[in-house]
1. Taking the residues in region 235-256 that are within 24 Å of residue 319 (Cα to Cα) and small (Gly, Ala, Ser) as candidates, determine which candidate is farthest from the chain's Cα centre (by Cα).
2. Within region 197-206, can one find any residue that is more than 25 Å from residue 281 (Cβ to Cβ) and modelled with pLDDT of 95 or more?
3. Name the single residue, out of those in region 235-256 being in a helix (DSSP H, G or I) and touching a residue at least 12 places away in the same chain (Cβ under 8 Å), that is surrounded by the most Cβ atoms within 10 Å (Cβ to Cβ).
4. What tally of residues in region 285-297 results from selecting those that are more than 16 Å from residue 263 (Cβ to Cβ) and in contact with a Ser or Thr (Cβ under 7 Å, 6 or more places away or on another chain)?
5. For residue 62, state whether it is acidic (Asp, Glu) and in contact (Cβ under 8 Å) with a residue 40 or more places away in the chain.
6. Looking only at region 267-292, filter to residues that are surrounded by fewer than 17 Cβ atoms within 10 Å (Cβ to Cβ) and modelled with pLDDT of 95 or more; which one of those is farthest from residue 163 (Cα to Cα)?
7. Filter region 113-132 for residues that are in contact (Cβ under 8 Å) with a residue 24 or more places away in the chain and out of contact with any helix residue (DSSP H, G or I) (no Cβ under 8 Å at 6 or more places or on another chain) and give the result.
8. Scan region 69-83 for residues that are in contact (Cβ under 8 Å) with a residue 12 or more places away in the chain, in a helix (DSSP H, G or I) and of a type outside the set (A, V, I, L, M) and jot them down.
Amino acid sequence: MFLNLLTFYTAKIRIFNNNSLGSYYKFLVKYEKEYTIRLSEDEEKVIEFISKKLASGKRIHELELLKRTLQYRHRIIGRLQKHLSEKYHCEMDEHCTENVINMMTNEFPTSAAKKTYAQCVFLKKEQDDYGISDVYGKMLQNPEFCAILEELVDFGISRYKVNYSYHYQDTNLVLYQKYTYEDACRLLNWERNEVPLNIGGYKYDKKTKTFPIFINYDKQDNISDTTKYEDHFVAENRLIAISKSGRSMDSEDVQNFLNATKRGIDVQLFVRKNKDDKISKEFYYLGRVIATGNAKQFVMPNTDKTAVEIEWELETPVREDIYQYIVNE
């Protein structure tokens, strides 16, 4: 039974990630001749958005918010906060609240990405809370749309409970689960998403004081010498990572890394074996890291650019199977 359920979950997620489909609804329309339900273009886009962005279950907040919208029209955020506290013992601080609102009002994506899901504005401001937006409210008048939405949300909630409910410390992240750049920005409660090019290995978010590091462990031979960093594990709880090129010991990002504890900066580690992995573009989440104080500036090979090598201690040593997968050819 469990294996059948797991296979079903995996198949659905693959459908969601298929660019020519994007949702289980689209799959049924395309391949099931007896499936006669047809949504409007806007309704279809909303189902695609939820399928691609939320139904993986990586965070419960948006899914339970959508549940509230099937029952209520007003005070959605207040109702969500109360429900999360009572059912999941989960509190929403100001950064989390802002992030969830931005996700559900199309304010989280980068400017270019906003156009993709321009219809996906679920909420509107109402005094000191939020209610259902007019466009989304009109969609909810369609019982077929509501049925598809509810089934999709329930699927996401079940995914959350199985795969993403055992949080690491006080985060919304789960050790050894996989996350994209966008997932990390969202689950670290950033006000806006960042495109991977702007992150470039790591990025500090001043508002939340979070500083995720993203490491591609296997480097390609054809990349430039200034990006061919020799990041490597020396043990399950010890990592050597290189700063961006053009950095010195006095650079702000390096100083933030070295003085993170003193400055109240939260440094978290995401690692993937190879960015060209055909199976997954996601990173394993490996928890919080602390700079040991061992750091040295050097000139990058075949360039005149300096960088800084920093030794990190992982708060939680990497699980053996994950560690072996990452470090071995």
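The values are calculated or read from the model by the stated rules, or taken from the named source; none is laboratory data. A quick note: this is a predicted structure, and the numbers were derived from the prediction, not measured. As a convention, Cβ positions derive from the backbone with ideal geometry for all residues, glycine included, and neighbour counts pool all protein chains shown.
1. Of region 235-256, the ones within 24 Å of residue 319 (Cα to Cα) are 235-242.
Applying the additional criterion that residues be small (Gly, Ala, Ser) yields 235, 241.
Values: 235: 27, 241: 22 Å.
Among those that are within 24 Å of residue 319 (Cα to Cα) and small (Gly, Ala, Ser), it is 235.
2. Filtering region 197-206 for residues more than 25 Å from residue 281 (Cβ to Cβ) gives 206.
Of the ones still in play, those that are also modelled with pLDDT of 95 or more are 206.
Within region 197-206, one or more residues are more than 25 Å from residue 281 (Cβ to Cβ) and modelled with pLDDT of 95 or more.
3. Our first condition is that a residue be in a helix (DSSP H, G or I); within region 235-256, this holds for 252-256.
Remaining after also requiring touching a residue at least 12 places away in the same chain (Cβ under 8 Å): 253-254, 256.
Numbers: 253: 16, 254: 20, 256: 18.
Across region 235-256, the extreme among qualifying residues is 254.
4. In the first step, residues of region 285-297 are kept if they are more than 16 Å from residue 263 (Cβ to Cβ); the result is 285-287, 292, 294, 296-297.
Still in the running and in contact with a Ser or Thr (Cβ under 7 Å, 6 or more places away or on another chain): 287, 297.
The total comes to 2.
5. Values: acidic (Asp, Glu): yes; in contact (Cβ under 8 Å) with a residue 40 or more places away in the chain: yes.
So residue 62 fits the description; yes.
6. Within region 267-292, the subset surrounded by fewer than 17 Cβ atoms within 10 Å (Cβ to Cβ) is 274-282, 290, 292.
Okay, now just the ones that are also modelled with pLDDT of 95 or more, so 290, 292.
On the way: 290: 27, 292: 32 Å.
Among those that are surrounded by fewer than 17 Cβ atoms within 10 Å (Cβ to Cβ) and modelled with pLDDT of 95 or more, it is 292.
7. Going residue by residue through region 113-132, those that are in contact (Cβ under 8 Å) with a residue 24 or more places away in the chain are 113, 117, 119-120, 122-123, 126, 129-132.
Once the filter is applied, which keeps residues that are in contact (Cβ under 8 Å) with a residue 24 or more places away in the chain and out of contact with any helix residue (DSSP H, G or I) (no Cβ under 8 Å at 6 or more places or on another chain), region 113-132 yields 113, 126.
8. 69, 78, 81, 83
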